[in-house]
Amino acid sequence: MDSIPQQIERKFRTALETEAKRISEEFPTINASVSSFIGRSNHRHVLGLQCLLTEASQDEADLVALCIETENLDVDPQIQLDISWGDPSGYVEAELFKTPKEFSNTVAERIETALPSFFELLRSIIKKGRPGG
């Protein structure tokens, strides 16, 4: 059986890569890419679609990302889908769940169902070009 990070990569990476390509085509000043990592602290895996706003000023957040984050991989895996800004803002635009949910196939399916609306929201956030309201 595949590990949880392998399951997440297999289930979601292609959709995120397809959306990154779409965003790059729609917004020429955005560098969109997909990456993932496994962190040692709290044993977490993050699969993310990062959008770098190349025309942001130095004092503005220049990165907004849609992330599927799984924490506590070694004990009680919890998963969340969100869209948030990088430094200096850190503003969270949207979360699928109020708190992360225990990883299961059912929760992964909820994330899969929500991805199209989160992709649409990400594009509208990019058009706005700044965190919040």
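Restrict the check to the stretch 122-131 and report whether at least one residue is under 24 Å from Ile4 (Cα atoms) and modelled with pLDDT under 95.
Step one: filter the stretch 122-131 for residues under 24 Å from Ile4 (Cα atoms), giving none.
Among the residues of the stretch 122-131, not one is under 24 Å from Ile4 (Cα atoms) and modelled with pLDDT under 95, which makes the answer no.
Would you mind telling me which numbered condition in (1) in contact with a Phe, Trp or Tyr (Cβ under 9 Å, 6 or more places away or on another chain); (2) at pLDDT 95 or above; (3) more than 29 Å from Phe27 (Cα to Cα) Arg44 fails?
(2)
For residues that are in contact with an Asp or Glu (Cβ under 7 Å, 6 or more places away or on another chain), crowded, with 18+ Cβ neighbours inside 10 Å and part of a strand (DSSP E or B), scanning just the stretch 47-66, find the one that is modelled with the lowest pLDDT.
Quick first cut of the stretch 47-66, residues in contact with an Asp or Glu (Cβ under 7 Å, 6 or more places away or on another chain) only: 47, 49, 52-53, 56, 61.
Keeping just the survivors that are crowded, with 18+ Cβ neighbours inside 10 Å gives 47, 49, 53, 61.
Cutting the leftovers down to part of a strand (DSSP E or B) gives us 47, 49, 53.
On the way: Leu47: 98, Leu49: 98, Leu53: 93.
Among those residues, the one meeting the criterion is Leu53.
Ala108: at pLDDT 95 or above, small (Gly, Ala, Ser) and under 18 Å from Pro5 (Cβ atoms), yes or no?
Yes.
Filter the stretch 23-46 down to the residues that are closer than 19 Å to Ile125 by Cβ and in contact (Cβ under 8 Å) with a residue 40 or more places away in the chain and list them by number.
Ile23, Glu26, Phe27, Ile30
Looking for whichever is in contact (Cβ under 8 Å) with a residue 60 or more places away in the chain and not charged (D, E, K, R) here; the options are Thr106, Thr70, Thr54. Which one fits?
Exactly one of Thr106, Thr70, Thr54 is in contact (Cβ under 8 Å) with a residue 60 or more places away in the chain and not charged (D, E, K, R), namely Thr70.
Hey, does the stretch 23-32 have a residue that's among the hydrophobic types (A, V, I, L, M, F, W, C) and over 15 Å from the mean Cα position of the chain (by Cα)?
Yes; the residues of the stretch 23-32 include at least one that is among the hydrophobic types (A, V, I, L, M, F, W, C) and over 15 Å from the mean Cα position of the chain (by Cα).
For the stretch 65-76, give me each residue that is closer than 28 Å to Asn31 by Cα and more than 12 Å from the chain's Cα centre (by Cα).
Glu71
Mind checking which residues of the stretch 18-46 are part of a helix (DSSP H, G or I) and either hydroxyl-bearing (Ser, Thr, Tyr) or farther than 13 Å from Ile68 by Cβ (or both)?
Within the stretch 18-46, Thr18, Ala20, Lys21, Arg22, Ile23, Ser24, Glu25, Glu26, Ser41, Asn42, His43 qualify.
Could you list all residues from the stretch 77-111 that are over 14 Å from the mean Cα position of the chain (by Cα) and part of a strand (DSSP E or B)?
Selection gives Gln78, Lys101, Glu102.
Report, by residue number, each residue of the stretch 67-76 that is in contact with a helix residue (DSSP H, G or I) (Cβ under 8 Å, 6 or more places away or on another chain) and either farther than 16 Å from Leu96 by Cβ or at pLDDT 95 or above (or both).
Correct list: Ile68, Thr70, Asn72, Leu73, Asp74, Val75.
Yes/no per residue for (1) over 23 Å from Arg22 (Cα atoms); (2) of a type in the set (Asp, Glu):
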| residue | (1), (2) |
| --- | --- |
| Val34 | no, no |
| Arg40 | yes, no |
| His43 | yes, no |
| Gly48 | no, no |
| Ala56 | no, no |
| Asp74 | yes, yes |
| Gly86 | no, no |
| Lys101 | yes, no |
| Thr113 | no, no |
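The values are calculated or read from the model by the stated rules, or taken from the named source; none is laboratory data. Quantities reported herein were computed from a predicted structural model and do not represent experimental measurements. Cβ atoms come from the backbone with ideal geometry, glycine included; neighbour counts cover every protein chain shown.
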